[in-house]
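One structure is given below, encoded as structure tokens.
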Amino acid sequence: MKNNMFDVLTLGECLVEIMRDKRDVPHDVPGVYLGPYPSGAPAIFADSCARLGLRTMLIGAVGNDVFGRVIIDRLKKSGVDVSKVKILNDYTTGVAFVTYFSTGHRQFIYHLRHAASGQIFPEDVDLSCIEETRLLHIMGSTLAINENCREACYKAVELARKRAKLITFDPNLRPELLSPEVIRDISRPVLDSAKIALPSATEAETLTGISDPIEAGRELLRKGPEIVVIKLGEKGSIAITEEQVLKMPAFKVEEIDPTGAGDVYDAAFIYGILQGWTIDRSLKFANAAGAIKVTRFGPMEGPISLIEVLNFLEKRGEPLI
């Protein structure tokens, strides 16, 4: 492996998130919002990978404005290579407004398609970036933004597939952007090439029409992946392969903010796989990273380092070794 080889490459939306300060306040009710917080599923994932110690590159775009600087500064601080994040003068940085409800439901309002977030094109995917990475991670939220973002993802997947790179996929469904039926269609080219899929239980059901997570995972295996990891929130996670089903319980913590937990989970599970860990060891590590994230307010506020996750496990009598 080249010394300058990246561990992880991802691409997609960079945005700031503006969040309600209280639960159960709809967006159509005047009230208080907090932010801006750097966000965007691929950006959160990249940030988390870098904090865990993986050499990580992000392809994306922000506006030449203060929101864009918030994102770039945070990613640089965490160690993400942002040389392929465009800073655009003619577009403002993407924004998402989010409010939480006591039921666990979240409601989003997005400004993405016509913002800098949506200005990712196939020509932004440089062959050298693919050749110089071990793993490509794709997010369904990026597929859902618009056609040019989708085609950029497809190009990256095709280049990575031809070069036998490890491809991972989080469906990360965003019904606010596209219907689940359309998302199933646009996800198919990525599922065909991905070795690992990382949906939530709801996403697995949406993609397969099967409510049982294990059976949904088995159906997803038929679509291409070798490993399907289903995130169950407070119930933990499950990995399904052709040979086995592995269940890993969640760690009990006080939830403050679940936004970004799935992206942090993805980063931690992939960290384990790239280290050559067993699937169950990677599941435990990812559950711990996700648990740390939900105790903190802000989409990117997951574990600050590998050591923090290992210490979390040690304190709970669940060391990885």
* Structure fact -> Log entry, pairs with first residue in segment 162-190 being more than 22 Å from ALA267 (Cβ to Cβ) and touching a residue at least 24 places away in the same chain (Cβ under 8 Å), second being surrounded by fewer than 18 Cβ atoms within 10 Å (Cβ to Cβ) and of a type in the set (Lys, Arg), beta carbons closer than 9 Å, six or more apart or on different chains, reads LEU177/ARG113; ARG188/LYS223
* **Flag for VAL70 being surrounded by fewer than 24 Cβ atoms within 10 Å (Cβ to Cβ) and without any contact (Cβ under 8 Å) to a residue 40 or more places away in the chain** => no
* Asked: Which helices (runs of 4 or more DSSP H) sit wholly inside segment 74-177 and have at least 3 residues that are closer than 14 Å to LEU58 by Cβ and at pLDDT 95 or above?
  -> 147-162
* Consider LYS231 carefully, then state whether it is among the charged types (D, E, K, R) and out of contact with any Gly (no Cβ under 6 Å at 6 or more places or on another chain). => no
* **Filter result (within 14 Å of ASP124 (Cβ to Cβ) and touching an Asp or Glu at 6+ places or on another chain (Cβ under 7 Å)) within segment 134-150** => THR142, ILE145
* Identify, please: which residue in segment 178-226 is assigned to a helix (DSSP H, G or I) and among the small types (Gly, Ala, Ser) and is, among those, farthest from the chain's Cα centre (by Cα)? -> ALA216
* **Filtered residues of segment 221-241 (kept if farther than 25 Å from VAL294 by Cβ and of a type outside the set (Asp, Glu))** => LEU221, ARG222, LYS223, GLY224, PRO225, THR241
* Asked: So which of GLY63, GLY94, GLY53 is closer than 20 Å to PRO303 by Cβ and in contact (Cβ under 8 Å) with a residue 12 or more places away in the chain?
  -> GLY53
* To do: Starting from segment 138-157, keep only residues that are under 16 Å from SER128 (Cα atoms) and free of Cβ contacts under 8 Å to residues at least 40 places away in the same chain, then list their pairs with residues that are part of a helix (DSSP H, G or I) and among the hydroxyl-bearing types (Ser, Thr, Tyr) whose Cβ atoms are within a distance under 7 Å, requiring at least 6 positions of separation or different chains.
  => VAL157/SER193
* Filter result (small (Gly, Ala, Ser), touching a residue at least 12 places away in the same chain (Cβ under 8 Å) and either in a helix (DSSP H, G or I) or surrounded by fewer than 24 Cβ atoms within 10 Å (Cβ to Cβ) (or both)) within segment 270-321 -> GLY272, SER282, ALA286, ALA288, ALA289, GLY290, ALA291, GLY298, SER305
* Could you tell me whether LEU246 is in contact with a helix residue (DSSP H, G or I) (Cβ under 7 Å, 6 or more places away or on another chain), more than 23 Å from LYS315 (Cβ to Cβ) and in a helix (DSSP H, G or I)? => no
* Does SER237 qualify as being under 24 Å from HIS105 (Cα atoms), in contact with a strand residue (DSSP E or B) (Cβ under 6 Å, 6 or more places away or on another chain), buried (at least 23 other Cβ atoms within 10 Å of the Cβ) and touching a residue at least 40 places away in the same chain (Cβ under 8 Å)? -> yes
* Structure fact -> The one condition LEU112 fails out of (1) in contact with a helix residue (DSSP H, G or I) (Cβ under 6 Å, 6 or more places away or on another chain); (2) surrounded by fewer than 22 Cβ atoms within 10 Å (Cβ to Cβ); (3) not hydroxyl-bearing (Ser, Thr, Tyr) is (2)
* If you go through segment 254-302 one residue at a time, how many are aromatic (Phe, Trp, Tyr) and more than 18 Å from THR10 (Cα to Cα)? -> 3
* Could you please give the count of residues in segment 227-243 that are of a type in the set (Val, Ile, Thr) and in a loop (DSSP other than H, G, I, E, B)? => 1
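The values are calculated or read from the model by the stated rules, or taken from the named source; none is laboratory data. From a predicted model like this one, the values you see are computed outputs, not experimental measurements. FYI the Cβ positions are ideal-geometry reconstructions off the backbone, even for glycines, and counts take in every protein chain you see.
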